Amino acid sequence: MTDQHGELDAALERVIEAARHHLAAVRAAQGRIDDDDVWQAYVALNNASFAYDEQLMDAFGEVTPWDVESIDPDEADQRFAGGEGVESTDPHPQVISVRQRRDYRVPSVAALIRVAEAARREGVPGDEEVPPVEGVGEAVLELLQSGDGSLGALDVPELEPLDGVVMVSEVGTPVDLESFADDDPAGPFQPGADDRLVGRLDEHPFLELDDEHDHVH
């Protein structure tokens, strides 16, 4: 049992060391997508955790909360689409861009501002002053922010949907928001020279039929 205890201690130390190495790789990557060092450190941490969990089960019949499966490092390199010296054979792009536009008509500006101000006040203590919503654009932005951030948050009677469009493109690199000014209206949506448009979906609102069209002769 003494040897088993020592093996468990050593396995746990490997988990701790792998976790430290993974954290260092994540910090060094600074949010960079598909960083090879982060992926390699992730695989090492995963496998160290798996090994410790297996040894704990063998020794005491106990498990950790880590529900992981062992990852073959060689297969991991290939799945990463080309670690050093490994040629990627994946024909599919790594980054897909979805651009969506939908226009709205505002039947009543006052009504839209009222519903936006109600959304802004929600969750704010009654004695706390809430700044008024100024203008249609700010009202729409408030509805998006107080909702889930999707266009579904704008499905309110105070906005009448018009036509929209969704475009799906294959792109070489993901968007870098830091390279565009906050007041740049087109930059983040401008397709790159190497982007490939996969397809476009046109959206048309459902229009209620006139009574005469509803009537069956």
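Miscellaneous remarks
- Unit Cα scatterers, Debye sum, the chain: log10 I(q)/I(0) for q = 0.10, 0.11, 0.14, 0.18 Å⁻¹: -0.81, -0.89, -1.03, -1.26
- Note on Val68 and Ala19: their simple-model spin labels are 1.0 nm apart, each label 7 Å out from Cα toward Cβ.
- ³J(HN,Hα), Karplus 6.51/-1.76/1.60, whole Hz, each residue of segment 177-193, x for Gly, Pro: 5, 5, 8, 10, 5, 4, 9, 7, x, 10, x, x, 9, 6, x, x, 5
- Distance from the alpha carbon centroid of segment 24-60 to that of segment 93-109 works out to 38 angstrom.
- Multiplying each eigenvalue of the alpha-carbon gyration tensor of segment 101-201 by 5 and taking the square root yields semi-axes of 32, 18, 11 Å, largest first, rounded to whole angstroms.
- Cα-based shape type of segment 106-150, given that a ≥ b ≥ c are square roots of the gyration tensor eigenvalues and the cut on a/c is 1.5: oblate
- By a 1.4 Å probe calculation restricted to protein chains, Asp37 has an accessible surface near 100 Å², given to the nearest 10.
- Accessible area (Å², 1.4 Å probe, nearest 10) - Val95: 30 Å²
- Rounded percent of accessible protein surface that carbon and sulfur make up, the chain, 1.4 Å probe: 52 percent
- Here the Karplus curve 6.51 cos²θ - 1.76 cosθ + 1.60, taken at θ = phi - 60°, turns the phi angles of segment 49-63 into couplings of 5, 4, 5, 5, 4, 5, 5, 5, 5, 5, 7, 10, x, 10, 10 Hz, with x standing for Gly and Pro.
- Solvent-accessible area per residue for the chain (1.4 angstrom probe, square angstrom): 74 Å²
- From its DSSP helices (H runs of at least four residues, each -39,500 (n - 2.57)), the chain gives a residue-normalised ellipticity at 222 nm of -13000 deg cm²/dmol.
- In degrees, nearest ten, helix 109-121 long axis to first principal axis of the chain (Cα): 30 degrees
- Acute angle (nearest 10 degrees) that the helix 2-29 long axis makes with the longest principal axis of the chain, alpha-carbon atoms: 40 degrees
The values are calculated or read from the model by the stated rules, or taken from the named source; none is laboratory data. The model shown is predicted, which means the values in this text are computed figures rather than measured ones. Because the Cβ atoms are built from the backbone with ideal geometry, glycine has one as well, and the counts that use them run over all protein chains shown. Areas reflect the complete protein model, heavy atoms only, side chains present, ligands, DNA and RNA absent. Shrake-Rupley method; radii C 1.70, N 1.55, O 1.52, S 1.80 Å.
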